[in-house]
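The values are calculated or read from the model by the stated rules, or taken from the named source; none is laboratory data. Model, not experiment: these values are computed from the prediction. Cβ placement follows ideal geometry from the backbone for every residue including glycine, while neighbour counts extend to all protein chains displayed. These area figures cover heavy atoms from the full protein model, side chains too; ligands, DNA and RNA do not enter into them. Shrake-Rupley method; radii C 1.70, N 1.55, O 1.52, S 1.80 Å.
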Amino acid sequence: MFTSVDDVSARLAETGYLASPAVATTVFLAARLGKPLLVEGPAGVGKTELAKAVAEVAGARLVRLQCYEGVDEARALYEWNHAKQLLRISAGRGESWDETRDDIFSEEFLLPRPLLTAIRGEEPTVLLIDETDKADVEMEGLLLEVLSDFQVTVPELGTVTATRRPFVVLTSNAGRELSEALRRRCLFLHIGFPEEELERRIVRLKVPGLDETLATSVVRVVGALRAMDLRKLPSVAETIDWARTLLALGADTLDETVVRDTLGVLLKHQDDVLKAAAKLDLDAV
Amino acid sequence: MTAGSDVAARLAGFVAALRAHGVRVGTAETVDAARAVEALGLADRALLREGLAATLLHTTGQRQLFDAVFDLYFPRAVGAPDGEPAGREELRDRLAAALAANDTAVLGRLAVEAVDALGGYGSSPGSGGWSSYQTLERLRPQTLLAQVRDDMRARGGGAGFAGRLLEEEIRRRIEEFRGQVAAEARRRVAERRGRDEIARRAVATTADRVDFLYAGKDRLAELRRTVQPLARKLATRLAARRRRAARGTIDLRRTLRGSLSTGGVPVRPVLRRRRPARPELVLLCDVSGSVAGFSDFTMLLVQALHDQFSKVRVFAFVNRIDEVTGLLTHGVADAEGLSGRIRAEARLTGWHGSSDYGVALGEFAERYGAAVGPRTTVFVLGDARTNMADPNLPALKRIAAQARRVYWLNPEPRAQWGTGDSAAPEYAGLVEMHECRTARQLGALVGRLLPV
Ligand SMILES: Nc1ncnc2c1ncn2[C@@H]1O[C@H](COP(=O)(O)OP(=O)(O)O)[C@@H](O)[C@H]1O
Ligand SMILES: [Mg+2]
C-alpha cells in the first residue's frame with residue numbers, strides 16, 4: 001500500500017491530511033504488518049479524518065461502522081430482512097417448506113451491515129469502526145472475533161472469509177477503557193494536540209484566506225489555552241472554527257476585543273471562558 | 001556478533017525494562033516490534049521510537065515511561081560529544097539564543113553539551129557520574145527568562161496580542177530543555193553503570209504507581225490530570241456492578257403474567273428491576289502536610305464521581321473538622337488551588353498545626369453526626385498518625401454504628417502501621433482499613449468499595 005513512511009505523509013498530504021511523524025509511521029506499519037489500528041485521543045484531533053484520508057489515498061472504499069450506546073450485532077454485522085421474508089412466505093409458490101426456507105435464508109434476504117460488508121468485499125476496503133468507546137462492552141467480543149480471523153459465520157449461509165483483508169481503523173475518545181484483549185489485537189496510536197508548527201500548517205491548509213501572521217497568533221493563543229487547567233481544552237477542530245470565524249469577521253490581527261468576543265468558539269463551558277479571560281488578561285467578559 | 005542479533009538483544013533488554021516498570025508486553029507484541037524494526041530500519045530514531053510505541057504500548061499513560069526507557073536503549077549517541085566542553089557563560093548565551101529561536105534541534109544539542117561540561121562529578125568509574133541536578137544548578141536556565149523575553153521583544157516578537165503569551169511560552173521551552181538535560185544525564189550514567197540498572201532505578205515510573213506520600217509537586221499535578229479519565233473508568237465499573245446488583249431477583253408476578261401466552265408455563269423468568277435510591281457518601285479527610293496529596297486526589301476523584309451518588313459530603317480536618325463540600329463543587333475547575341483554598345477558608349486547626357485524629361473524629365461525631373445514616377458509606381482518609389494524642393476510639397465506633405459501612409484508606413505502607421505514633425492497628429480493629437499508597441491502588445479500591 002505504501003513504500004515508506006515518507007510516502008504515507010506525502011500522499012496523505014495530497015488529500016488534505018497533514019500527518020505527524022507518529023501518525024505516518026503507525027499508518028505505514030499497520031499496512032505493512034496487516035494489523036488493525038486503534039487511534040485514541042481527544043475529540044477533534046483528526047481521528048475520523050485520518051481513516052477517510054487513508055481510504056482516499058489507497059483508492060479504497062470506506063466502510064464505516066459508527067458506534068453508539070446500544071449498537072448491536074444486527075446493526076454491526078448483518079440482519080435478515082424479516083418483512084421481505086414474510087412477503088415471500090405468504091406469496092407461496094406451491095413448493096415445500098424446506099424449499100421456502102432455503103430460499104428465504106438466501107443472499108436475497110440478507111441485509112449486510114458494515115462488518116460483513118467490509119469482509120465480503122473483493123475491492124480494497126478501509127473499515128472504520130468509529131467511536132468504539134461508545135459501544136457497550138458486549139460489542140467488543142464481536143469486534144474481537146471479526147478482527148481475529150476476518151471471518152464471519154452466518155448460520156444459515158455458512159462462513160464468509162475475507163478474500164482481501166480490509167485496512168481497519170478503530171477510533172476512541174477514551175470515554176471508556178477498551179478491553180485489553182481488543183487493544184492487544186491492534187497497533188496503538190495516540191493522537192494528541194499537534195505541535196505548533198503542524199497546527200499552523202493545518203490552519204493554513206483548511207482556512208486558506210487567513211493571513212499567515214494571524215494564523216501564527218491563533219495557534220499560539222490556542223497553545224496557551226491548552227496549558228491552562230480547563231474543563232475542556234480546545235482541539236484542532238476548534239482552532240479551525242476559530243480561524244474561520246476570524247476570517248469571516250474580517251479581523252486581520254488579534255486584539256483584546258476580538259479575542260474576548262470570539263472566545264466562545266474555542267471554549268464550550270462558561271467557567272472555562274471566564275478563567276481563560278482572566279489568565280489572558282482580558283477585561284471583563 | 002551480527003548486527004541482527006545485536007538489535008534483537010537490544011530489543012529484548014528494552015522490553016524487559018518496560019516489563020519491570022509494569023508495562024505488560026506479551027510475546028506477540030515483541031514479535032510485532034521486531035517486524036516494525038525490520039520495516040522501519042534503525043537510521044531514523046524518531047520513526048523507530050514511534051514504531052516501537054505503536055507495537056508495544058496499548059494505552060496513553062505509559063508513553064512517558066516508554067520514552068525515558070527508549071532513550072536508554074536506543075540512545076541518540078554514544079559517549080561524550082565531540083570537541084572541547086564549552087564554558088558556562090558560552091552555554092548560557094547559546095541557550096538564550098536557541099530559546100528565543102525555539103530551535104529544538106539546537107536545544108537538544110545544548111543539553112548534551114551542558115551535561116558534559118557541567119554535570120560530571122567524581123572521577124573513578126565506580127563512584128563518579130553525571131547529574132542533571134548539578135547541570136541545571138550551574139546553568140540555571142530559568143534565570144534566562146527575562147533576557148530571552150526582552151531579546152524577543154526587541155526584535156518584534158512580542159508585538160500584538162500574542163505578545164502577552166511570550167513569557168509563558170519561554171517558560172514551557174525551558175521546562176522542555178530541563179527534561180532533555182535529565183534524559184541526557186541518564187544516558188551518560190547508563191553508559192557508565194549499565195543501562196539495565198539505570199532503566200530500573202533512574203526512570204520514574206508511571207504517575208499512578210508513585211506513592212502519594214513521596215510524590216512531588218509535578219507528579220501530583222500529573223495525577224490531577226488523570227482524575228477525569230479515572231473517574232470515567234470507575235463510572236463504567238460502578239454501572240456494571242449496579243446492573244449486576246439489580247439483576248438476580250425474579251419478579252414472580254410479572255413472570256406469571258408473561259407465561260399466559262405459553263399456556264401458563266413460566267418459560268421466561270422476568271427479573272425484577274430494582275431502582276434503589278443511590279447511596280450516600282461521606283468523606284473525612286486528613287489534609288495535613290504529607291498526606292494532603294493523597295486526600296486532595298481522592299476528594300477530586302470522588303467529586304468527579306458525584307453523580308453516582310444521591311449525596312456526597314466532604315469534611316476536612318487537621319485537628320479540627322469543617323465541611324468543605326461547597327469548596328469542592330466549585331473547586332474542580334481549579335484543582336490546583338483546591339488545597340490552598342480548603343486550608344484558607346475552612347477552620348481546620350485549633351491550638352497547634354499538627355493533626356489530631358481523636359479530636360477531629362470526636363468533633364465530627366458531635367457536630368455532624370446527622371450526616372451519617374443507614375444509607376451512608378463513610379471513607380476516612382489519612383495515615384492515622386495522631387501525634388501521640390488520644391485516638392478517641394469511641395468516636396469512630398459511634399460513627400461506624402450509625403453508618404452502613406466505614407472504610408479507612410491509609411496511604412502508608414502496611415508495614416509502617418502501628419510504628420511510632422500510628423494508631424492504625426487500633427482503628428483497623430474497628431473499621432475495615434486498606435493500604436492505599438498509589439493512584440492505581442486507589443482506583444482499584446474505589447471501584448470495589450464504593451457502594452452502588
Ligand atoms: N492532521 C490534520 N490534517 C488535516 N485536518 C485535520 C487534521 N487534524 C484535524 N483536522 C481537522 O479537524 C477536524 C476534526 O477532525 P475529526 O477527524 O472529525 O476529529 P475526531 O474524529 O478526532 O474527533 C476536521 O475538520 C479535520 O479536517
Ligand atoms: Mg471522529
For this session: For A:TYR68, work out the one condition from (1) under 28 Å from A:ALA135 (Cα atoms); (2) modelled with pLDDT of 95 or more; (3) within 16 Å of ligand 1 (Cβ to nearest atom) it doesn't fulfil.
Result: (2)
Problem set entry | Residue identified as under 23 Å from A:THR171 (Cβ atoms) and of a type outside the set (A, V, I, L, M, F, W, C) among B:GLY13, B:GLY61 | B:GLY61
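Listed here are the residues, each with its yes/no results for (1) among the charged types (D, E, K, R); (2) more than 16 Å from ligand 2 (Cβ to nearest atom); (3) touching a residue at least 60 places away in the same chain (Cβ under 8 Å); (4) surrounded by 12 or more Cβ atoms within 10 Å (Cβ to Cβ).
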site: A:GLU95; (1), (2), (3), (4): yes, yes, no, no
site: A:GLU99; (1), (2), (3), (4): yes, yes, no, no
site: A:THR117; (1), (2), (3), (4): no, yes, no, yes
site: A:GLU122; (1), (2), (3), (4): yes, yes, no, no
site: A:GLU131; (1), (2), (3), (4): yes, no, yes, yes
site: A:GLY158; (1), (2), (3), (4): no, yes, no, no
site: A:THR161; (1), (2), (3), (4): no, yes, no, yes
For this session: State all residues of the range A:111-133 that are assigned to a strand (DSSP E or B), touching a helix residue (DSSP H, G or I) at 6+ places or on another chain (Cβ under 8 Å) and not polar (S, T, N, Q); if no residue qualifies, say none.
Result: A:PRO112, A:VAL126, A:LEU127, A:LEU128, A:ILE129, A:ASP130
Exercise. Quick check: anything in the range A:22-36 within 16 Å of ligand 2 (Cβ to nearest atom) and open to solvent by less than 50 Å² (accessible area, probe 1.4 Å)?
Worked result: yes
Exercise. In the range A:39-61, which residue that is away from ligand 1 (no atom under 13 Å from the Cβ) and outside any helix (DSSP H, G or I) is farthest from the other protein chains (Cβ to nearest Cβ)?
Worked result: A:ARG61
Exercise. Which pairs have Cβ atoms under 8 Å, sit 6 or more apart or on different chains, and link a residue in the range B:402-425 that is closer than 13 Å to B:ARG437 by Cα to one that is β-branched (Val, Ile, Thr)?
Worked result: B:TRP408/B:VAL380; B:TRP408/B:VAL431; B:LEU409/B:THR298; B:LEU409/B:VAL380; B:PRO411/B:VAL291
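Which ones in the range B:371-397 are part of a loop (DSSP other than H, G, I, E, B) and under 23 Å from B:ASP211 (Cα atoms)?
Here is the first cut: in the range B:371-397, the residues part of a loop (DSSP other than H, G, I, E, B) are B:372-375, B:382-384, B:386-392.
Across the range B:371-397, the qualifying residues are B:GLY382, B:ASP383, B:ALA384, B:THR386, B:ASN387.
Hey, among A:THR161, A:THR171, A:THR125, which residue is modelled with pLDDT of 90 or more, within 16 Å of ligand 1 (Cβ to nearest atom) and not assigned by TED's automatic domain parsing to the domain that holds A:THR245? Spell out how you get there, then give the answer.
Working: A:THR161 fails: within 16 Å of ligand 1 (Cβ to nearest atom); A:THR125 fails: within 16 Å of ligand 1 (Cβ to nearest atom).
Of A:THR161, A:THR171, A:THR125, the one residue that is modelled with pLDDT of 90 or more, within 16 Å of ligand 1 (Cβ to nearest atom) and not assigned by TED's automatic domain parsing to the domain that holds A:THR245 is A:THR171.
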Exercise. Are any residues in the range A:83-101 modelled with pLDDT under 85 and under 18 Å from A:VAL154 (Cβ atoms), and if so, which ones?
Worked result: A:ARG101
For this session: Would you be able to say whether some residue in the range A:252-275 is modelled with pLDDT under 95, closer than 19 Å to B:ARG172 by Cβ and more than 16 Å from ligand 2 (Cβ to nearest atom)?
Result: yes
Exercise. Quick one: is B:GLN134 within 30 Å of B:GLU90 (Cα to Cα), assigned to a helix (DSSP H, G or I), open to solvent by 50 Å² or more (accessible area, probe 1.4 Å) and polar (S, T, N, Q)?
Worked result: no
Exercise. Which of the residues that make up the range A:242-276 are away from chain B (no Cβ under 12 Å), surrounded by fewer than 18 Cβ atoms within 10 Å (Cβ to Cβ) and of a type outside the set (Val, Ile, Thr)?
Worked result: A:ARG244, A:LEU247, A:ALA248, A:LEU249, A:GLY250, A:ASP261, A:GLY264, A:LYS268
